[in-house]
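Report on one structure; see the data block that follows.
Please treat every number below as a calculation from the coordinates, not as lab data. Model, not experiment: these values are computed from the prediction. When we count neighbours, we look across all protein chains shown, and the Cβ atoms used for this are built from the backbone with ideal geometry, even at glycine.
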Amino acid sequence: MRGFLVSSVGATCAAALALPLALPAPAHAGQPVLTSEPAAPGSTQSLPLTPLDDERDLGPAASEQGLTPRNVRPFSLVGVIWDNPDRELHGRVQVRTRAVGTGHWSGWQDVETHNHEHAADPDTAEGASRRVHGSTAPLWVGNSDGVEVRVQAEKPEGDERATAPGDSPLPRGLHLELVDPGAELPREGAQTGGAREGAPVADPAPVTHVGALTAVASTAASTAVASAGALAAVASAGDLTADASVHAPHAGAPMDDTDAPAVAPSAKDAAASSANAELAPLGAGEEIPALSQQETEREFVAANGGDERVKPYIGPRPRIITRRGWGANESLRERGFVYTKKVKAAFVHHTASGNNYSCSQAPSVIRSIYRYHVVSSGWRDIGYNFLVDKCGNIYEGRAGGVTKPVMGAHTLGFNSNSMGIAVLGSFAKTKPSGAAVTAIARLTAWKLGLYGANPRGKTYLKSGGGNLYRKGKNVRLNVISGHRDGFATECPGRLLYGKLGTARQAAARYQGR
């Protein structure tokens with residue numbers, strides 16, 4: 001059921017929403033087929049992998065699968081998915097791509113196998129959805145129109161046994177996902193950095209900063225975000241749990257007649273969505289402007305009864321590019337929001353998507369990751385709460401309000417009462433930029449400060465289950481932790497992980513501690 005092409009042609013919002021959802025046609029080997037995602041910028045091609053070389057007769061039992069070089073529609077990001085999200089891919093995934101315009105083929109590039117470490121918690125409606133697939137990390141390759149891929153199963157050292165008939169060393173249902181983020185348009189009045197404290201850093205190269213004024217099917221509720229001055233709304237929504245949400249199939253998801261019907265929103269969820277739409281008018285724009293320390297504290301005090309004796313440890317609000325700013329197609333994600341009670345910790349990640357992007361391309365990278373998480377992996381929205389690029393720009397991630405305790409799908413087992421911050425790039429061998437580390441510090445000083453958390457401190461989170469801690473165990477963690485602190489993984493990469501101490505100290509200073 002996964003051999004399909006998700007396509008869009010930039011039609012109007014009304015036309016997009018008028019398109020009905022239909023069952024995808026049966027896939028033909030090696031050929032993508034059309035499914036009925038509403039027309040909107042961007043597309044996803046999904047190509048089934050087949051056995052290579054001498055193992056062609058083994059079918060799913062082949063230890064090496066892939067695609068020979070082929071022409072495809074333009075794309076910029078790749079990943080591999082498979083049917084069972086609980087099955088790990090033990091092996092090596094490599095791709096090479098051909099650049100549009102030059103005809104130049106890249107060398108072979110490794111795709112991080114990922115193995116479900118970034119995901120919704122097991123017992124949540126999102127994690128248990130039949131739409132969810134296993135997936136590698138996505139890899140940004142730039143504008144390309146040719147691709148070749150090979151997936152090789154990992155054979156235990158010293159094991160020379162042949163694969164027995166019926167064995168499956170690789171997960172079943174392997175597909176190559178080719179994501180086109182959609183066209184960008186220049187942003188009017190885009191900042192180029194340095195205008196005020198918290199402003200983004202511009203690209204070092206002389207490039208035109210482009211954003212994402214795309215024709216998206218969105219409503220005020222789906223793009224609205226909360227300002228620091230709306231903490232009363234945060235408090236009123238604080239008792240929402242992961243069960244108080246709409247779990248309807250997202251637009252563009254592969255569906256079959258066994259899908260459960262959509263659940264009507266609860267009264268609390270409807271109220272929360274309505275409140276989110278009415279928070280700050282900032283949400284209707286492309287960015288939330290930075291505030292000074294004094295302005296941030298003034299808003300905090302005003303939202304907490306106006307008692308000026310309240311002296312919160314809260315950092316100045318940084319500039320945040322909203323979902324509208326990076327061009328999120330709001331028709332892709334599920335419409336409801338899922339909240340937990342508070343934000344006690346921040347988990348820092350890398351996207352493992354490579355470092356070969358300019359900061360002007362960051363909105364395209366984020367749109368691609370968003371589409372890969374929702375359309376290909378089957379999640380309800382992008383997994384991270386915030387994203388940061390190499391120039392220190394901060395982007396709103398999962399929808400629901402930037403001040404709110406929105407449940408993400410970033411750290412399997414620890415998505416409740418936490419937030420996930422992903423730095424665009426791969427940092428096992430590459431150092432993160434100083435601007436990115438500073439952005440982590442500024443963001444955590446502000447967001448954790450809204451909930452009274454000390455960036456240099458420790459906290460306890462209850463595990464939802466994972467490969468490091470059993471379900472139900474209370475785990476003592478740094479308030480600013482790396483992904484590897486909650487799950488056995490390389491994320492966020494050795495060199496970014498080594499900078500978290502610096503981020504903790506800086507965040508505490510921004511809070512005035």
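Ranked by the mean number of other Cβ atoms within 10 Å of their residues, highest first, the peptides 406-412, 325-331, 63-69 come out as 406-412, 325-331, 63-69. By the rule of a C-alpha distance below 24 Å, with chain neighbours fewer than 8 residues away ignored, the lysines paired with LYS473 are LYS341, LYS342, LYS344, LYS458, LYS462. Starting from the Kirkwood radius over alpha-carbon pairs of the range 298-366, derive D by Stokes-Einstein at 20 °C in a medium of 1.002 mPa s and give it in µm² s⁻¹. Roughly 130 µm²/s, to the nearest whole number. Of the peptides 384-391, 476-483, the order by per-residue mean of other Cβ atoms within 10 Å, starting with the highest, comes out as 384-391, 476-483. In terms of packing, defined here as the mean over residues of other Cβ atoms within 10 angstrom, the peptides 446-454, 343-351, 495-503 line up highest first as 343-351, 446-454, 495-503. Computed from the alpha carbon positions, the gyration tensor of the range 412-513 leads to an equivalent ellipsoid with semi-axes of 22, 19, 10 Å, biggest first.
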